[in-house]
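Visitor: Quick one: this structure, given as structure tokens, is what I'll be asking you about.
The values are calculated or read from the model by the stated rules, or taken from the named source; none is laboratory data. Owing to the predicted nature of the structure, the values given are computational and were not obtained by experimental measurement. All Cβ positions, glycine included, derive from the backbone under ideal geometry; neighbour counts span all protein chains shown. The accessibility values were calculated without ligands, DNA or RNA, using every heavy atom of the protein model including side chains. Shrake-Rupley method; radii C 1.70, N 1.55, O 1.52, S 1.80 Å.
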Amino acid sequence: MTTQTQMDFGPLVVTYDERVLRPRAWTLLQAEWAAELSHDLPAGPVLELCSGAGHIGQATAVLTGRDLVQVDADPHACTLARANAAANVRSVAVEVRCGDLAASTLPGERFAIVLADPPYLRRDEVEAWPQDPTHAIDGGDDGLELPRRCLPVAGEHVSPGGVVLLQALGRAQVEQLADDVAAAGLELVEVRAEDERRAVALLRPRA
């Protein structure tokens, strides 16, 4: 039996349980940065990859006034995301798609803002976080398996003039992804770091 918990997250009250990753307060940085950038971006919705319980994307939708599409492979996370959207987001539309990252976006779909919040811990670090579901934090042997899957999807579906905001395990992990960023047709603009293990990278389509 799962026990649901609620917490304030920016403009939201998020409901979650032990089967999904507990919201981290620092990740509001990603939504607030998206809102800061939104005024100078083309029209269009937000796409969130690896959305979990939905809080980062939904905070972004509320703060920017943009419609939102959220994608996650975990059916339980998708159920929570839908419930959180119904409880918190009334001014814009939210669609939660459950399934594989690449298969859950349509050919030709474009998004002004793409958020990516993939699991990014190395597999040998996962046991240090027993309170978190393994599938929500395990990024493979080098921690880069899911970030590498997110980047091509983000590069294909971000609008010209749009932005990608990628959550990462600090600046060092962003640097490790340099070749993958380039292969996705993106370029690194800036990294904002909470500390050496918590960072968000701003990427844009290459001219």
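Visitor: Which condition does residue 53 not pass, out of (1) without any contact (Cβ under 8 Å) to a residue 60 or more places away in the chain; (2) out of contact with any Asp or Glu (no Cβ under 8 Å at 6 or more places or on another chain); (3) open to solvent by less than 40 Å² (accessible area, probe 1.4 Å); (4) under 27 Å from residue 204 (Cβ atoms), if it passes all the others?
Guide: Answer for residue 53: the failing condition is (4).
Visitor: Right, next: Collect the residues in the range 1-40 that are open to solvent by 30 Å² or more (accessible area, probe 1.4 Å), over 16 Å from residue 58 (Cα atoms) and of a type outside the set (Ser, Thr, Tyr), keeping them in residue-number order.
Guide: Listed by number, the residues that qualify are 1, 4, 18, 19, 39, 40.
Visitor: Of the numbered conditions (1) closer than 15 Å to residue 158 by Cβ; (2) at pLDDT below 95; (3) more than 16 Å from the chain's Cα centre (by Cα), residue 103 fails exactly one; give the number of that condition.
Guide: (1) is the only condition that residue 103 fails.
Visitor: Go through the range 1-10 and give me each residue that's in a loop (DSSP other than H, G, I, E, B) and either of a type in the set (Asp, Glu) or touching a residue at least 40 places away in the same chain (Cβ under 8 Å) (or both).
Guide: 10
Visitor: Looking at (1) open to solvent by less than 10 Å² (accessible area, probe 1.4 Å); (2) free of Cβ contacts under 8 Å to residues at least 24 places away in the same chain; (3) more than 27 Å from residue 2 (Cα to Cα), which one does residue 141 not meet, given that it meets all the others?
Guide: (1)
Visitor: Which pairs turn up if I take residues in the range 11-27 that are more than 23 Å from residue 169 (Cβ to Cβ) and of a type outside the set (Ser, Thr, Tyr) and look for partners that are open to solvent by 30 Å² or more (accessible area, probe 1.4 Å) and assigned to a loop (DSSP other than H, G, I, E, B) with beta carbon separation below 9 Å, at least 6 apart in sequence or on another chain?
Guide: 17/2; 17/3; 17/4
Visitor: Now, a different point. Of all residues being open to solvent by 30 Å² or more (accessible area, probe 1.4 Å) and more than 18 Å from residue 5 (Cβ to Cβ) in the range 65-85, which is nearest to the chain's Cα centre (by Cα)? Just the residue, please.
Guide: The qualifying residue nearest to the chain's Cα centre (by Cα) is 73.
Visitor: So, in the range 35-61, exactly how many residues are under 14 Å from the mean Cα position of the chain (by Cα), among the aliphatic types (A, V, I, L, M) and assigned to a loop (DSSP other than H, G, I, E, B)?
Guide: Total meeting the criteria: 1.
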